[in-house]
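Computed from the coordinates by the stated procedures, all read-outs in this text should not be read as laboratory data. In this text, all values refer to a predicted model and were calculated from it rather than measured experimentally. When we count neighbours, we look across all protein chains shown, and the Cβ atoms used for this are built from the backbone with ideal geometry, even at glycine.
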Amino acid sequence: MCDINSDNVNVETEMVYKTKILPGSLCMKCKTQKPTAIVRVNDSLCRSCLLTYTTHKFRSTLGKSKLVKANDRVLLVASGSQSSTALLHLVKEALGEGAHKRLRFSPGVVFIDESVTLQSKTECELGIQDIKKLVDDMGYPFHCVPIYQNFHSADTDADGVNEINKSSFSQAFAQLSTLTATVHFLSVIRMSVIVATARKHCYTKVMIGDTASDLSVTLLCNILQGNGNAIPFEIGVADKRYSDIVIIRPLREFSSKEVALYNRLNHLRFTVVPNILTKKASNSCIQRQTEQFVNSLQAGFPSTVNTIFRTGDKLCLDQEFTFSPCLLCQRPKDRIEELDTGLNCKKIETEVEQDKRNDVIEQQHKEMEVKEKMESLSGEEENLQIDRLSLSDVKSKLCYGCNITLKEMGEKYELLPQFILKTIQQMKNRARMKNEIKDFLL
Ligand SMILES: [Zn+2]
Ligand SMILES: [Zn+2]
């Protein structure tokens, strides 16, 4: 039963807004030290207890999922943000000699250089130097990869950093008509480059420093942009959309405030590397507007991020859900579309079976031709290669969100990364080949 009265409302209001440490109060954990900061809604902790609390949070997120095993090669994604700086430090501490229950994986660090998307590159280059120095001091391998790597050349084994790739990427980038589409496009390409780097250097896990605050914004953005079915992949502790690489988010239980406190208490210096959203107005795109909305609510109501995040956590895919991924972002394509396609397939199958029953003689005649047809198939393969892709071929292989981005590119699908177009071309060739011989199959 609800018993809301004026007294209760006052108590609640007081709790929500109590952000200052009261004079003479003690750390709520050890009850001996003077508190340094307030975490969650109203828990004041001393420096030592706060560091124990954050380290425990990091270790328990990794421990619960049991994703990282001894000797795994793990690629840490550095971006220069507060959260990526905290991630590097937490990993370093967890792997250190004196760490309690020391972790034993082999880390490397990747930084995706997006300076090609910016007008002024100097600040970005300085930021990269700072990050490189930080990683070198830690003694971890550092991979600085431009976002246009292998954009045009589908051969991922080669270096992939050349003028052709750069100009192909710049051409596609210049076509994007809105900042919302640009941010989406960059996030998709960034992830594909991170995964390609992991594969190239034999890493099997990738760690990203997304906090609960970041993920709350991601969650709302996905809903706003019609990508609701991607939420379990986007905010879960382990993202298994790629068959060979697992994306892990060990900071997903941290708020951005906790990350900032962790960095401050450890005297960590972080370098802000400018990106496409730097100095952009809050109403310039959906992602920025959502961030502003969540942050302004969080400032007045400290449970906002937690409420959004926990609600999103309850959204999950059922176990039997198998999906064909979008070739650009690897997230599931629209399920309704798949079911629709499935129904059409069944209809076609029934018609084919009926034909077989009604036209036995013709079928036998065709069977005699199978051998000849199969023999000539290799010769036809050359013709299949030049069977050019159409816009509808590409659109049918992308999810709703990526289709919107393609539309914002003026539907110039030929500007998409070459490895995607190559895969779609192969799929088309295979489908055509199957169609050619379907009448001859028993
Ligand atoms: Zn304490
Ligand atoms: Zn997609």
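Per-structure values
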item	result
Label-point separation, Ser106 to Ser303 (7 Å along Cα→Cβ), nm	4.7
Charge-dipole axis of the stretch 183-315 as Lys and Arg at +1 and Asp and Glu at -1 on Cβ define it, positive-most pick from Pro302, Phe270, Val259	Phe270
P(r) tail fraction, the stretch 106-186 - alpha-carbon pairs more than 22 Å apart, %	36
Distance (nanometres) between label positions extended 7 Å along Cα→Cβ at Lys69 and Ala174	4.9
Label-to-label distance, nm, for residues given as Leu277 and Ser48 (7 Å Cα→Cβ offset)	3.9
Radius, Kirkwood style, for the stretch 202-327 when every pair of distinct Cα atoms is counted (Å)	16.2
Antiparallel DSSP beta bridges within the stretch 93-248, as percent of all bridges there, nearest 5	20
Listed residue pairs exceeding 32 Å between alpha carbons, taken from Lys34/Lys101; Lys20/Lys205; Lys34/Lys314; Lys69/Lys257	Lys20/Lys205; Lys34/Lys314
Kirkwood Rh (inverse of mean 1/r, distinct Cα pairs), the stretch 71-216, angstrom	16.5
Highest average packing first - 188-195, 241-248, Cβ atoms within 10 Å	188-195, 241-248
Fully extended contour minus Cα-Cα distance, from Leu265 to Arg432, at 0.36 nm per residue	53.9 nm
Stretch gain in nm, segment Cys202-Glu163, where the contour uses 0.36 nm per residue and the Cα spacing is subtracted	11.4 nm
Residue-span extension gain [Lys133 to Lys395] - 0.36 nm each, minus C-alpha spacing	90.0 nm
By average C-beta atoms within 10 angstrom, highest first, the peptides 399-412, 289-302	399-412, 289-302
Around Gln175: net Lys/Arg minus Asp/Glu count, Cβ-Cβ under 13 Å	-1
Percent of Cα pairs exceeding the 14 Å cut-off, where the set is the stretch 214-266	60
Residue-wise HN-Hα coupling along the stretch 66-81, computed from phi with Karplus coefficients 6.51, -1.76, 1.60 (Hz; x: Gly, Pro)	6, 8, 9, 10, 4, 6, 5, 9, 10, 9, 8, 9, 9, 10, x, 7
